[in-house]
Amino acid sequence: MPKKSTEKEAKKVTQPASKRGEASGNNYTAKDIYVLEGLEPVRKRPGMYIGSTGVDGLHHLIWEVVDNSFDEAMAGYAKNIRVELLTGNRVAVTDDGRGIPVETHKQTKKSALETVMTTLHAGGKFGGESYKVSGGLHGVGVSVVCALSIWMKAEVCRDHGLYEQEYKRGVPQAKVKKVGTNDATGTKITFEPDPEVFSELVFDRKRIIDHLRQQAFLTKGIRIEVIDERDPAAPFYHAFRFDGGLLSFLNYLSRTEKALQEVPFYVQKEYKEEGKTQELEVETAFAYTDELDTQELSFANNIYTPDGGMHLTGFRSALTRSLNDYARSEGYIKNSDENLTGEDVREGLVAIVSVKLREPQFEGQTKARLGSTEARTATESVVGEEMKNFLERNSQDARRVIEKCLLAAKARKAAKAAKDMVLRKGAFEGLTLPGKLADCSSRDPAESELFIVEGDSAGGSAKSGRDRRTQAILPLRGKILNVEKARIDKMLANKEIKSLVVAIGTAIAESFDLSKLRYHKVILMTDADVDGAHIRTLLLTLFYRYFPQIIAGGFLYIAQPPLYRVQVGKEFRYVYTESAREKAVLELQKLKSEKRQVTEKSKKGKGKEASEGEEAAGEEGNETAEKQKGANIQRYKGLGEMNPDQLWETTMSQENRVLKQVAVQDAEEANRLFDILMGEEVEPRKQFIQAHAIAVKNLDV
């Protein structure tokens, strides 16, 4: 029999099972069950509601508040939305909608405003006719922002009155009160994120503008203002309104690309499934460009669904079926067994799919994917019906599109043959490249690194200086093919690219398998000059276009070799920036002066040592050397000019090196910039360079 515990002892053991390790016998009672009331769950697990407590989660607070304003706009009540970035990390969102109700709520016996701001799953989106469609359907939006703000204030104009209430970390500081009269209507929410929750409190203005611009495209005729008052000396104001809706959005997305169609496809239509009472609205716009990549953006109730979902699946099915039917009816495809694939018909496509429905089912609070099956049926039906009419009305555009799709199909077959050849070669040779790839002995990808270096000279230094157990070296000869406009079969015909594909081990295109990546650090290590920068850009283009999963997984890095070796006397330092060079000279001179003062009796000997030190430094390699204020400064133009031990010490050693991890924060913007900088069109690139040339302070030519 277990010994009976006293009350004092019982308190010590009464804690959640997860804390004790197990729940045993009578010790596990009702006391062990914790009930988090009000907004406590949000503060306890913020990531469940906003995705993260990093930069993404911080900006998600704005999206949640703005969603309510756009819901008013979609319902036809709001025409203007203003977002203000204020000093002290505060943000204010104002709309001219109906204003949140302030009268007493029948269930909670509190003001409806307080109920909405402090209660999860409370709002006008769970029943009734307040909102036929809504973005914030989880009903946790503004209350989550309230919970995660160190301070918040709600101001409401309605019923000829001005009402307000303040909150701290989700707790009302007083009852809702009327503070004045006002004939206008609308809501203003001002909040300050809690520094105890968020690791960073700096809002990115560009990120906010990009998000709001996207929302403005999706909500015709809504005027949006962005005001940044954080720097009083340089206040910022930007406003936009798009009456063209998705057609305006389509023009914006394809503004730097050559259009293949004269008339873009557009449809906006209500759809009601047989036997159902609720209608869905489908709005879709697309156009083909003379490009190889695809842009597909999908939205449900104005919420961006980056992982697509049923609406995007329905669109793709309708597009593929319609183009196959047309191609066969017009004699472009004669063999009944042949069909254009989804991959063929999406090459060069820029498409936006937007659906609005009463009760969408999203996967997760961040709503990355739409799971509502009715959205697929509606989109497939509406787009399929309109596509048939569109192709018949625009026969010239239809011909250009079909010809592009047929060319893509031909290239797909050629690419398959090229990929099979590369994969077979990789299998037969055991993923090694004799005479080129100096592989590491470790077979654990987590600790293995692949350095991609330019030229045999740099490759030789890297091979001699590396840690052979964990570091592999792949030297590339010359500048690789610019893959921005190259199809995969032409790309794989390039010897250097083929070597790289086999070395990393993931295969490519539909055969790509990230789990087979042989190195969890793929490091681009090029010279610190213009040619090195060009080679690095070509490699980044290759990875962005054909291995985006490696970038998304955080496996791609850029090495930072030193620009200078600064030596004063026997002491020296490697520096990586122009500004650091001057600082290093001053610090080393100060250090030399201090040593001289300490050893005043041996001035003559020290002078000899300094002279010998400078002479020795000048003899190392073929680096550019200059004297500055008694210092010897060597400019490293190429990695091959560095001795193996110097390359190891500065650029490859895990203890000393500086690596930049490659990431894509904005895929849409990255796609546009790669197209401008690496594409065939000269004029957009010229304009970009002219616009940004002033920002280049030091150009090494």
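The values are calculated or read from the model by the stated rules, or taken from the named source; none is laboratory data. Predicted model, so just to flag it, every value in this text is computed and none were measured. With ideal geometry, Cβ positions are generated from the backbone for all residues, glycine too; neighbour counts draw on all protein chains shown. To get the accessible areas, we keep the full protein, side chains included, count just its heavy atoms, and leave off ligands, DNA and RNA. Shrake-Rupley method; radii C 1.70, N 1.55, O 1.52, S 1.80 Å.
Brief remarks follow.
- Taking the numbered list (1) touching a strand residue (DSSP E or B) at 6+ places or on another chain (Cβ under 6 Å); (2) basic (Lys, Arg); (3) within 29 Å of Lys410 (Cβ to Cβ) in turn, Lys463 passes all entries but (3).
- Residue ID - nearest to Phe299 (Cα to Cα), chosen from residues in segment 247-272 that are within 24 Å of the chain's Cα centre (by Cα) and open to solvent by 90 Å² or more (accessible area, probe 1.4 Å): Asn251
- Residue pairs whose Cβ atoms lie under 9 Å apart, separated by 6 or more positions or on different chains, with the first residue in segment 462-485 and farther than 18 Å from Arg443 by Cα and the second of a type in the set (A, V, I, L, M) and assigned to a loop (DSSP other than H, G, I, E, B), are Gly465/Met642; Pro475/Leu437; Leu481/Ala493; Glu484/Leu292; Lys485/Leu292.
- Residue count for segment 482-501, restricted to those that are modelled with pLDDT under 85 and either aliphatic (A, V, I, L, M) or closer than 20 Å to Lys463 by Cα (or both): 6
- Exclusive hit being of a type outside the set (S, T, N, Q) and touching a Pro at 6+ places or on another chain (Cβ under 8 Å), set Ala528, Ala580, Ala509: Ala528
- Only listed residue being acidic (Asp, Glu), over 27 Å from Asp56 (Cβ atoms) and modelled with pLDDT of 95 or more, chosen from Glu129, Glu164, Glu84, Glu114: Glu164
- So Ser52, is it surrounded by fewer than 16 Cβ atoms within 10 Å (Cβ to Cβ) and modelled with pLDDT under 80: no
- Top-ranked residue of segment 191-223 - restricted to ones that are more than 29 Å from Met48 (Cα to Cα) and in contact with a Lys or Arg (Cβ under 7 Å, 6 or more places away or on another chain), ranked as least open to solvent (accessible area, probe 1.4 Å): Ile222
- Breaking point among (1) farther than 20 Å from Thr294 by Cα; (2) touching a Gly at 6+ places or on another chain (Cβ under 7 Å); (3) crowded, with 22+ Cβ neighbours inside 10 Å, for Thr379: (1)
- Just one of the listed residues (Phe547, Phe512) is under 23 Å from Gln295 (Cβ atoms) and out of contact with any Leu (no Cβ under 9 Å at 6 or more places or on another chain), namely Phe512.
- Among the residues of segment 514-543, those that are without any contact (Cβ under 8 Å) to a residue 40 or more places away in the chain and under 18 Å from Val664 (Cβ atoms) comprise Leu514, Arg536.
- Selection within segment 147-164 - more than 36 Å from the chain's Cα centre (by Cα) and assigned to a strand (DSSP E or B): Cys157, Arg158, Gly161, Leu162, Tyr163, Glu164
- Residue in segment 395-417 that is of a type in the set (S, T, N, Q) and not in a helix (DSSP H, G or I) present: no
- Inside segment 246-275, residues that are under 19 Å from Gln295 (Cβ atoms), in contact with a strand residue (DSSP E or B) (Cβ under 7 Å, 6 or more places away or on another chain) and touching a residue at least 40 places away in the same chain (Cβ under 8 Å) make up a count of 11.
- In segment 280-303, the residue that is modelled with the highest pLDDT out of those that are out of contact with any Leu (no Cβ under 8 Å at 6 or more places or on another chain) and crowded, with 17+ Cβ neighbours inside 10 Å is Val282.
- Under the condition of being open to solvent by less than 30 Å² (accessible area, probe 1.4 Å), under 22 Å from Glu347 (Cβ atoms) and touching a Phe, Trp or Tyr at 6+ places or on another chain (Cβ under 9 Å), the residues counted in segment 382-393 number 4.
- Selection count where residues are out of contact with any helix residue (DSSP H, G or I) (no Cβ under 8 Å at 6 or more places or on another chain), open to solvent by 60 Å² or more (accessible area, probe 1.4 Å) and at pLDDT 95 or above, scope segment 224-246: 1
- Sole residue being under 24 Å from the mean Cα position of the chain (by Cα) and either surrounded by fewer than 20 Cβ atoms within 10 Å (Cβ to Cβ) or not aliphatic (A, V, I, L, M) (or both), chosen from Gly348, Gly275: Gly348
- Selection count, segment 556-589, where residues are at pLDDT 85 or above and open to solvent by 60 Å² or more (accessible area, probe 1.4 Å): 6
- Tally of residues being in contact with a strand residue (DSSP E or B) (Cβ under 7 Å, 6 or more places away or on another chain), under 16 Å from Glu449 (Cα atoms) and open to solvent by 40 Å² or more (accessible area, probe 1.4 Å) across segment 509-554: 1
- Residue under evaluation Ser317, criteria (1) closer than 25 Å to Val483 by Cα; (2) part of a helix (DSSP H, G or I); (3) not aliphatic (A, V, I, L, M), criterion not met: (1)
- Being touching a strand residue (DSSP E or B) at 6+ places or on another chain (Cβ under 6 Å) and not in a strand (DSSP E or B) is not true of His238.
- Val42 among the hydrophobic types (A, V, I, L, M, F, W, C) and over 17 Å from Glu196 (Cβ atoms): no
- Residue satisfying all of: in segment 492-509; free of Cβ contacts under 8 Å to residues at least 60 places away in the same chain and more than 16 Å from Leu524 (Cα to Cα); nearest to the chain's Cα centre (by Cα) among these: Thr506
- Selection count where residues are assigned to a loop (DSSP other than H, G, I, E, B), out of contact with any Lys or Arg (no Cβ under 9 Å at 6 or more places or on another chain) and either within 18 Å of Glu72 (Cα to Cα) or aliphatic (A, V, I, L, M) (or both), scope segment 165-182: 1
- Gly553 vs. criteria within 28 Å of the chain's Cα centre (by Cα) and modelled with pLDDT of 90 or more: yes
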